[in-house]
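J.: If you scroll down you'll find the structure; I have some questions about it.
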Amino acid sequence: MEKKYKELTPPQRILLGPGPSNVDPRVLKAMSMPLVGHLDPYFFEVMDEVTELLRYVFKTKNRLTIPISGTGSAGMETCLVNLVGKGDEVVVGVNGFFGQRMSEIVKRCGGTPIEVKEAWGRAISAESVEKALADSNARVVALVHAETSTGVVQPLKEISNLTRKYDALLLVDTVTSLGGVELEIDNYGVDISYSGTQKCLNCPPGLSPITLNERVVEFIRDREGKIQSWYFDLNLIEKYWEADRFYHHTAPISMIYGLREALRIIYEDGLEKRWAQHLKANKALIKGLNAMGLETLATENNLPSLTAVKIPEGVSDINVRKALLNVFNIEIGGGLGELKGKIWRIGLMGMNACERNVILVLEALDRLLRKEGFPVKPGEGLVAAMDVFQE
Ligand SMILES: Cc1ncc(COP(=O)(O)O)c(C=O)c1O
C-alpha cells in the first residue's frame, strides 16, 4: 500500500532546555506574512528596521549590524573566516563546548588557536588572556559570553581593556545572551559579536545576528587575499545590506520578518526590563534547586539565561529527562562533551524567563527526584523560589 504522510502535528512543548526556546505567536504570525522579493523596496524597509532594532538589542552604534543567514554556528564561522587566515594566531577562551568549537574553526581557517583553558563551569581570567597575548602574535581574542554548555557568563570589560592594550580585536559569542543577559557591545569594548535567534530572542533558529565596528571592517578590508568562504564574505554581504543593495544570496525573507517581530517585542518591553526578568527567574530557580538539595555547576558568574545543575548520585539522567518530556511536556537539556550524564541544563530564555516556568520545572523535578529515591521534602523548592518572586 502507498505510504500516507499525515499533516504535521508537533506537540506543544515547554522548551526549557539550552535552546531553541518557545517562539512568541506574534513571531510565527509575522513569518506567515506574504512573501516579497529580496530586492523589493518593501523588503529594504524591513531590512533597515531589522538593522536599527539589532543595534538596540546589541547596544551599539555599529553601522554593520545585520543577520547572517544560518544558525549561530554560521555567525561563528562568518566572524572567524573573515578575521583569520593561514598562519594567524588567535587567543581562544576554552571553558566549555562552544569555546572548543571556536578553536576548531580557527584551525579550519588555517590559523593556530592559542587556547586559554579554564575548568568547565568557571570563567576565563583576564590574567591568563594577558599572558597569552603577551606570549603570542595574536591580533584576535575570541570568547564565549554566555557558555551554554556550563551556565557561565564571562566578564568582558577587563579583557576588552587588554585587547586595546595589545592592539587586538575582541570577538564575543553572544548566542545565549543577546536580548536576555546584560550586554553592551559599545560600552564593553567588544569589536565583533555574533548571536542566534533561537535563545533569548524567542524566534526560530535560522539567523545569526552579528555586529562589528569600523576597526574590524578595516581589519577585514586590509587583509591579504580573498576571504576563504564566498558565502560568509562580509565584504560581499555588506553590499546587500548597505545602500547598493547588491544581490549576494537570496535573503531568507520569512525568517527576517520573524526576527523583526521578535526584536520589536523586546523594544516594546524594554531591554533592561528583560535583563531584570532573566536575573529574577534565574535567582528563583537556583534558590529553588538549592532548597531541594541540588547544586549548580557554576559557583560564581551564573548565567541568567541558562543554569547547569549537577545530577545527584544515583539519579538517572535519562529517566528524569524522559519523564519531564513525556509526563510534563517540559524539555530540558543534558550535558555536552565532558559533562554528558553529569548535569542538566535548564534554560529560561526570553519570554520563558517567568514565574510560571520556574514553578513548573521545580514542581516536576520535585516529583521525579523523589521517584528516583532522592530525598526531597515536597514543596521546599517551590517555597524558596516563590519567596524570590514575592521580594
Ligand atoms: C554559546 C553558543 N554558541 C554557538 C552555538 C551554535 O549555534 P547553532 O546551534 O544555532 O548553530 C550555540 C548553540 O547552542 C551556543 O549555545
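Just so it is clear, none of the values below were taken in a lab; they were calculated from the coordinates. All of these numbers come straight from a predicted model, not from anything done at the bench. Counting neighbours? That spans all protein chains shown, and the Cβs are built from the backbone with ideal geometry, glycine included.
J.: How much length is gained on full extension from Gln390 to Leu28, taking 0.36 nm per residue of separation minus their Cα-Cα distance? Could the numbers behind the result be given before it?
T.: On the way: separation 362, 0.36 × 362 = 130.32 nm, distance 3.27 nm.
Here the segment from Gln390 to Leu28 would lengthen by 127.0 nm.
J.: Could you please report the charge total around Asp167, scoring K, R as +1 and D, E as -1 over all other residues with beta-carbon less than 11 angstrom from its beta-carbon?
T.: The answer is +4.
J.: For Lys86 and Glu52, FRET efficiency with R0 = 51 Å and r from the beta-carbon atoms, rounded to 0.05? Don't skip to the end; give the middle numbers.
T.: Working: r = 37 Å, r/R0 = 0.73.
FRET efficiency, Glu52 to Lys86: 0.85.
J.: Using only the Cα atoms of the stretch 57-167, build the gyration tensor, take square roots of its eigenvalues as a ≥ b ≥ c, and label the shape rounded, prolate or oblate: rounded if a/c is under 1.5, else prolate if a/b is larger than b/c, else oblate. Could the numbers behind the result be given before it?
T.: Values: a/c = 1.23, a/b = 1.12, b/c = 1.10.
Rounded.
J.: With each pseudo-label sitting 7 Å past Cα toward Cβ, what's the Val36-Glu214 distance in nm, one decimal?
T.: Using points 7 Å along Cα→Cβ, the separation is 3.1 nm.
J.: Show me 323-332, 203-212 ranked by packing, highest mean number of other Cβ atoms within 10 Å first.
T.: Working: 323-332: 17.2, 203-212: 25.4.
Those peptides, ordered most packed to least, come out 203-212, 323-332.
J.: Same structure, new question: So the label point goes 7 Å from the Cα of Arg223 along Cα→C-beta, right? Which residues of the stretch 156-174 then have their backbone N under 14 Å from it?
T.: 169-171
J.: For the residues Met1, Met351, what sequence is obtained by ranking on other C-beta atoms within 10 Å, fewest first?
T.: With the fewest neighbours first, Met1, Met351 line up as Met1, Met351.
J.: With n ≥ 4 as the cut-off for DSSP H runs, can you work out [θ] at 222 nm for the chain, using -39500 (n - 2.57) per run divided by the number of residues, rounded to the nearest 500? Present the calculation step by step, with values, prior to reporting the outcome.
T.: Numbers: 14 runs with 165 residues, N = 391.
Result for the chain, helices only: -13000 deg cm²/dmol.
J.: Sort 126-132, 370-376 by packing, meaning the average of other beta carbons within 10 Å per residue, with the highest value first.
T.: Details: 126-132: 17.3, 370-376: 14.1.
Result, highest mean Cβ count within 10 Å first: 126-132, 370-376.
J.: Continuing with this model, one more query. Would you mind getting me the FRET efficiency between Asp269 and Glu242? Use the beta-carbon distance for r and R0 = 30 Å, nearest 0.05.
T.: On the way: r = 30 Å, r/R0 = 0.99.
My answer for the efficiency is 0.50.
J.: If each of Thr250 and Ser73 carries a label point 7 Å out from its Cα toward its Cβ, how far apart are those two points in nm?
T.: Each label point lies 7 Å from its Cα, and together they span 2.4 nm.
J.: What does the convex hull of the alpha-carbon atoms of the stretch 343-391 project to on average, in nm²?
T.: On the way: hull surface 15.4 nm².
Dividing the Cα hull surface by four gives the mean projection, 3.8 nm².
J.: Here is a further query. What angle, in degrees between 0 and 90 and rounded to the nearest 10, separates the Cα long axis of helix 271-291 from the longest principal axis of the Cα atoms of the chain?
T.: On a 0 to 90 degree scale, this one is about 40.
J.: With springs connecting C-alpha atoms under 10 Å apart, model the chain as a Gaussian network and identify which of Asp244, Asp24, Asp366 has the largest mean-square fluctuation.
T.: Highest fluctuation among the options: Asp244.
J.: Continuing with the same structure: Mind checking the angle between helix 72-83 and the chain's longest principal axis? C-alpha axes, 0 to 90 degrees, to the nearest 10.
T.: That works out to roughly 30 degrees.
J.: Taking Cα pairs under 8 Å and at least six residues apart, what relative contact order does the stretch 271-390 come out at, in percent? Write out the running numbers ahead of the final one.
T.: On the way: 177 pairs, mean separation 43.9, N = 120.
Taking the mean separation of contacting Cα pairs over the length of the stretch 271-390, I get 37 percent.
J.: So, one more: Calculate how steeply helix 97-108 sits against the longest principal axis of the alpha-carbon atoms of the chain, using the helix alpha-carbon long axis, and give the answer as 0 to 90 degrees to the nearest 10.
T.: Compared with the principal axis, the helix lies near 30 degrees.
J.: Sticking with this structure for a sec: Relative contact order of the chain: what whole-number percent is it, with Cα pairs under 8 angstrom and at least 6 residues apart? Intermediate values should be presented prior to the final figure.
T.: On the way: 787 pairs, mean separation 87.5, N = 391.
RCO, the chain: 22 percent.
J.: If you project the alpha carbons of the chain onto the principal axes, what extent comes out on each, in Å, largest first?
T.: The principal-axis extents, from largest down, are 63, 57, 53 Å.
J.: Another question, if that's okay. When the Cα centres of the stretch 322-357 and the stretch 56-118 are compared, how far apart do they sit, in Å?
T.: 27 Å
J.: Shifting gears a bit: Ordered by packing density, taken as the mean number of other Cβ atoms within 10 Å over each peptide's residues, highest first, how do 335-348, 298-311, 215-228 rank? All intermediate terms of the calculation are to be shown ahead of the outcome.
T.: On the way: 335-348: 19.8, 298-311: 21.9, 215-228: 13.9.
Ranking the peptides 335-348, 298-311, 215-228 by packing returns 298-311, 335-348, 215-228.
J.: For Arg13 and Arg63 in one chain, what is 0.36 nm times their gap in residues minus the Cα-Cα distance, to one decimal in nm?
T.: So the chain would gain 14.2 nm between Arg13 and Arg63.
J.: Further question on the same structure: Past 29 Å, Cα to Cα: identify those pairs from Lys107/Lys199; Lys131/Lys199; Lys107/Lys157; Lys165/Lys342; Lys117/Lys165, in the order given.
T.: Values: Lys107/Lys199 27 Å; Lys131/Lys199 33 Å; Lys107/Lys157 27 Å; Lys165/Lys342 39 Å; Lys117/Lys165 21 Å.
As for pairs spanning more than 29 Å Cα to Cα, those are Lys131/Lys199; Lys165/Lys342.
J.: A further question follows. Could you run the Karplus curve 6.51 cos²θ - 1.76 cosθ + 1.60 with θ = phi - 60° over the stretch 177-185 and give me ³J(HN,Hα) per residue in whole Hz, x for Gly and Pro?
T.: 10, 4, x, x, 10, 3, 7, 10, 3
J.: Per 0.36 nm of contour for each residue apart, how much would the distance between Glu313 and Tyr5 grow if the chain were fully extended, relative to their Cα-Cα spacing? Before the final figure, lay out the partial values.
T.: Values: separation 308, 0.36 × 308 = 110.88 nm, distance 4.38 nm.
Roughly 106.5 nm would be gained on extension.
J.: Mind giving me the FRET efficiency for Phe44 and Asn161? R0 is 35 Å, r the Cβ-Cβ distance, nearest 0.05 is fine. Walk me through the intermediate numbers first.
T.: Working: r = 39 Å, r/R0 = 1.11.
Efficiency computed from Cβ-Cβ geometry: 0.35.
J.: Of Phe97, Gly293, Gly258, which is farthest along the charge dipole of the chain in the positive direction, counting Lys and Arg as +1 and Asp and Glu as -1 at C-beta?
T.: Farthest along the dipole direction, towards plus: Gly293.
J.: How about Lys29: which aspartates and glutamates have a C-alpha closer than 12 Å to its C-alpha, ignoring those fewer than 8 places off in the same chain?
T.: Partners found: Glu261.
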